[in-house]
Amino acid sequence: ASSLLLCFRTSLVAPLIFGLLLQPPLTQLSIVTQPNIVLLMADDLGIGDVGCYGNDTIRTPNIDGLAKEGVKLTQHIAAAPLCTPSRAAFLTGRYPLRSGMDAINNYRVIFWNGGSGGLPPNETTFAKILQRQGYTTGLIGKWHQGVNCESRNDHCHHPLNHGFDYFYGMPFTLISDCQPTETPEMDRAFRRKLWLSTQMIGIATLTAALGRLTGLISVSWKTLTCLAGFSLLFFISWFSSYGFVRYWNCIMMRNHEVTEQPMVTDRTTSLILKESISFIERNKHKPFLLFLSFLHSHTPLLTTEKFLGKSSHGLYGDNVEEMDWMVGQVLGAIDKEGLKNTTLVYFASDHGGWLERHEGKRQLGGWNGIYRGGKAMAGWEGGIRVPGIFRWPGVLPAGTVINEPTSLMDIYPTVVRLAGGVLPQDRVIDGRDLMPLLRGTVEHSEHEFLFHYCGIHLHAVRWHQKDSGSIWKAHYVTPIFRPLGAGGCYDRGFCPCLGEGVTHHDPPLLFDLSRDPSEAKPLSADTEPLFDTVIKKIGRAIEEHRRTLTPVPEQLSLYNIVWKPWLQPCCGTFPFCWCDKEGDN
């Protein structure tokens with residue numbers, strides 16, 4: 001009887017085991033409950049600069065390979081058209097004005113490492129949540145979200161205070177001032193005015209002194225002394241900051257320690273790549289988050305000799321091709337450690353390419369393809385539509401193209417849920433989990449409306465009418481392009497958000513991006529039967545959206561963005577800030 005029972009059990013178990021062996025490999029998310037996450041973000045890269053988005057002259061085989069092996073988003077939208085607010089939205093999953101990281105004036109980004117504004121400590125980044133979920137988190141490259149609040153070493157805005165276990169890179173952003181051979185870039189027009197004012201005050205003082213000596217002017221020596229003192233104080237007041245931009249802003253840090261002041265730009269690229277690969281190798285045995293925030297392709301376009309003169313698009317093309325090579329090196333490190341199938345890789349740019357950036361005939365900014373406008377323009381597609389690529393072999397279907405509206409803010413809930421975390425319940429999260437869309441289990445994006453802010457000023461709104469497939473976009477404010485007929489604000493270098501440099505539209509300019517992605521032909525009540533219906537629908541959405549906004553401290557207020565000597569990171573005894581600890585090593 002026992003032998004009969006044993007035979008019966010064997011007859012049941014054997015087919016079961018055989019059936020399991022014949023099953024194809026499962027691709028369910030339960031296989032990898034906590035994937036490694038590698039986020040690659042370019043700086044100022046235009047959507048038209050990448051091969052898989054239509055560029056056939058700049059070579060980007062590694063980025064193109066990501067798209068071939070994964071999912072490409074064609075309507076991936078930045079929450080702001082400039083670095084600081086866009087990255088704040090990316091890190092928090094929230095429109096930047098919710099955290100005070102969008103500007104009320106024309107100073108729309110963090111301007112100094114020694115400023116007091118930055119990503120507020122009470123904001124919860126995705127890195128902070130992943131850290132709680134047991135991830136080792138690292139940020140390599142650009143930060144540009146502030147450093148200190150009240151003292152030189154409080155580090156209240158620093159990456160280590162926002163969920164990153166390790167930081168190596170620039171707390172600021174790359175600017176031409178960091179390269180001694182380049183023309184200064186930072187606040188260039190304002191600096192010219194300060195120089196002119198100083199010269200005028202100096203000439204007035206000198207003229208008064210000569211007049212006193214020759215007896216042509218009746219003025220007391222006391223008055224002359226006061227005038228000379230004022231002239232000297234005025235010069236010191238601005239030259240102490242703007243005269244030393246390279247020392248104050250162009251620095252490298254490892255965690256809280258300043259390692260280069262000023263940075264040695266010749267080796268910056270190799271060090272950032274080395275640090276990124278080292279982070280992967282050190283943490284290969286446990287879940288990790290690596291946010292590699294490239295300094296490419298922001299001016300002054302730091303490019304190593306190996307890539308100089310190799311592209312068909314001058315220095316800018318060389319720089320983009322070098323960044324693509326860096327992407328390949330990071331992907332190679334992931335493959336080498338056997339992590340390819342357990343790692344979600346994401347590539348994007350923080351906003352559109354900078355059309356107006358050039359020196360003489362040299363074009364130093366990017367190309368935004370068929371899309372109108374560029375960096376600093378919040379409404380036009382060229383300023384906010386960016387590359388967006390995901391790769392996760394075995395989980396995300398290779399070679400997929402998704403045309404639905406998505407946002408950089410969507411990365412927040414996507415990675416939080418992949419890590420097993422819970423979204424904050426005490427605040428509005430504007431991003432949406434992308435995994436159902438990326439895996440093809442749903443057809444449409446969860447975004448019905450996306451709001452396009454320039455500073456705190458609402459410039460445009462898009463409405464995804466899912467039942468018809470139309471993507472309506474209403475422009476309430478647009479920048480005035482100069483010279484007339486140009487595609488940017490070449491007279492200013494940046495398009496403004498407010499004032500005499502913009503036009504207000506009532507009724508708004510309306511486009512259907514599904515038919516007119518270049519925003520070339522505005523619709524009207526005469527040409528579009530649904531014009532009034534669409535405008536009313538978007539108007540109601542704006543009212544509802546504004547009810548979700550609450551007042552917060554303005555991080556980019558004039559007080560917060562000015563340079564404060566007592567907040568300046570310094571590797572020596574202030575003001576004697578100079579070191580090269582990488583060179584010493």
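The values are calculated or read from the model by the stated rules, or taken from the named source; none is laboratory data. The shown structure was predicted, so the numbers you read here are calculated from the model rather than taken from an experiment. A quick note on method: Cβ atoms are made from the backbone with ideal geometry, for glycine too, and the neighbour counts reach across all protein chains shown. These area figures cover heavy atoms from the full protein model, side chains too; ligands, DNA and RNA do not enter into them. Shrake-Rupley method; radii C 1.70, N 1.55, O 1.52, S 1.80 Å.
Across region 496-585, Cα-Cα pairs farther apart than 22 Å form 63% of the total.
What does the highest-first list of 231-238, 167-174, 213-220, 472-479 look like by mean Cβ count within 10 Å?
167-174, 472-479, 231-238, 213-220
Charge dipole (Cα centre; +1 on Lys/Arg Cβ, -1 on Asp/Glu Cβ; no other charges) of region 171-217 amounts to roughly 300 debye.
Report summary: the helix-based calculation at 222 nm, which adds -39500 (n - 2.57) for every DSSP H run with n ≥ 4 and divides by the residues of the chain, gives -9500 deg cm²/dmol. Sorted on the mean count of surrounding Cβ atoms within 10 Å across their residues, most packed first, peptides 50-61, 533-544 read 50-61, 533-544. Charge tally for residue 87 (other residues, Cβ to Cβ under 10 Å; Lys, Arg +1; Asp, Glu -1): -1.
For 76, 155, the ranking by accessible surface with the largest value first comes to 155, 76, using a 1.4 Å probe. Considering only Cα atoms, the convex hull volume of region 188-242 works out to 58 Å³ per residue.
For the set 386, 422, the ranking by accessible area, highest first and with no ligand, DNA or RNA atoms included, is 422, 386 under a 1.4 Å probe.
Sorted largest first, the principal axis extents computed over the alpha-carbon atoms of region 321-363 equal 48, 18, 7 Å. Whole-Hz Karplus values for region 470-486 come out as 6, 10, 7, 9, 10, 9, 8, 9, 9, x, 8, 6, 9, x, 4, x, 6 Hz, taken residue by residue from phi with 6.51 cos²θ - 1.76 cosθ + 1.60 and θ = phi - 60°; glycine and proline positions read x. Sequence-distant contacts, meaning Cα pairs under 8 Å at least 6 residues apart, place the relative contact order of region 188-242 at 40 percent. Taking packing as the residue-averaged number of other Cβ atoms within 10 angstrom, the listed peptides 559-571, 97-109 run from highest to lowest as 97-109, 559-571.
Can you figure out the FRET efficiency of residue 503 with residue 422, using R₀ = 60 Å and their beta-carbon distance, to the nearest 0.05? Computed FRET efficiency for residue 503 and residue 422 comes out at 0.85. Specify the inter-centroid distance of region 509-536 and region 127-179, based on alpha-carbon positions, in whole Å. Spelled out, the Cα-based centre of one part sits 42 Å from the other. Based on Cα contacts under 8 Å between residues 6+ apart, the chain shows a relative contact order of 26 percent. Each 20 Å bin, from zero up to the one with the longest distance, holds this percent of the alpha carbon pairs of the chain: 19, 51, 22, 7, 1, 0, 0. Once you reduce region 375-421 and region 253-270 to the center of their Cα atoms, the two points are 30 Å from each other. Positive contributions from Lys and Arg (+1) and negative ones from Asp and Glu (-1), summed over other residues with Cβ under 11 Å from the Cβ of residue 381, come out at +2. The phi-based Karplus calculation (6.51 cos²θ - 1.76 cosθ + 1.60; θ = phi - 60°) puts the 3J(HN,Hα) values of region 369-377 at x, 7, 8, 7, x, x, 3, 6, 9 Hz, whole numbers, x for Gly and Pro.
Let me know the whole percent of all Cα-Cα pairs from region 363-447 that are separated by more than 20 Å. Roughly 46 percent, rounded to a whole number.
Computed with every protein chain present, the accessible area of residue 200 is close to 120 Å² [probe 1.4 Å]. Computed on region 228-332, the Cα convex hull volume stands at 141 Å³ per residue.
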